Amino acid sequence: MDLHALSESLPRDSTASDIQIVPYSSEEQLKSIAHLIETDLSEPYTVYTYRYFLCAWPHLSFLAMAEGECIGAIVSKCERNKNGRNRGYLAMLAVKTRFRKRGIGSMLIQRTVEAMVADGADEIVLETEITNIGAQSLYENLGFIRDKRLARYYLNGNDAYRLKLLLK
């Protein structure tokens, strides 16, 4: 994937100019991240799940900040899979409802993709609920493709799509 092409696909909305994308830097940010995820995603996560990602791969998680408030977050990891490919994984992405459609999710994804490329990622994968059309559109507009459908993947019984971005 050409990072320039990814960058060009991002919205050029002036309302996003006040938004700062900052790297995860401390446990103090965990509460804000957890609140966003709990509000916007259908899956419940324990504090241990957050710490698994944030302690091992803090450089792959970012927050979107506006006037000192955390309005978006992405939590990720990157490691070798069983086939020997260096696989990035977008575990969680959430943007507060009132800040959506301003390119914030795209900015968070772009920063994470750049960090994963710096880590030598060959590909990036994620799962999204089959009913989450907005998320599917966001990822597909950034070059992710549907890899497979996962039956009854979520606790609520819904299926998921696994999406993949090939980097190499």
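No value in this document is a laboratory result; all are computed from the given coordinates. None of these values were measured; they are calculated from a predicted model. Glycine also receives a Cβ, built like all others from the backbone with ideal geometry; neighbour counts cover every protein chain displayed.
The alpha-carbon of Lys148 sits under 27 angstrom from the alpha-carbons of these lysines, leaving out residues fewer than 8 places away in its chain: Lys77, Lys82, Lys101, Lys164, Lys168.
Among Gln29, Gln20, Gln110, the residue with the largest mean-square fluctuation in a Gaussian network model of the chain, with springs joining Cα atoms closer than 10 Å, is Gln29.
Comparing Lys148, Lys96, Lys77 in a Gaussian network model of the chain, where Cα atoms under 10 Å apart are tied by springs, the biggest mean-square fluctuation is seen for Lys148. Among the listed values (1) 27.6; (2) 9.9; (3) 9.4, the one computed from these coordinates for mean projected area of the Cα convex hull in nm² is (3). The modelled label-to-label distance between His35 and Cys55, using points 7 Å beyond Cα along the C-beta direction, is 2.4 nm.
If you find the alpha carbon centre of region 37-107 and of region 108-124, how far apart are they in angstrom? That distance is 13 Å. Tally Lys/Arg at +1 and Asp/Glu at -1 over every other residue whose Cβ is under 12 Å from the Cβ of Asn81; what's the total? Residues close to Asn81 contribute a combined charge of +3.
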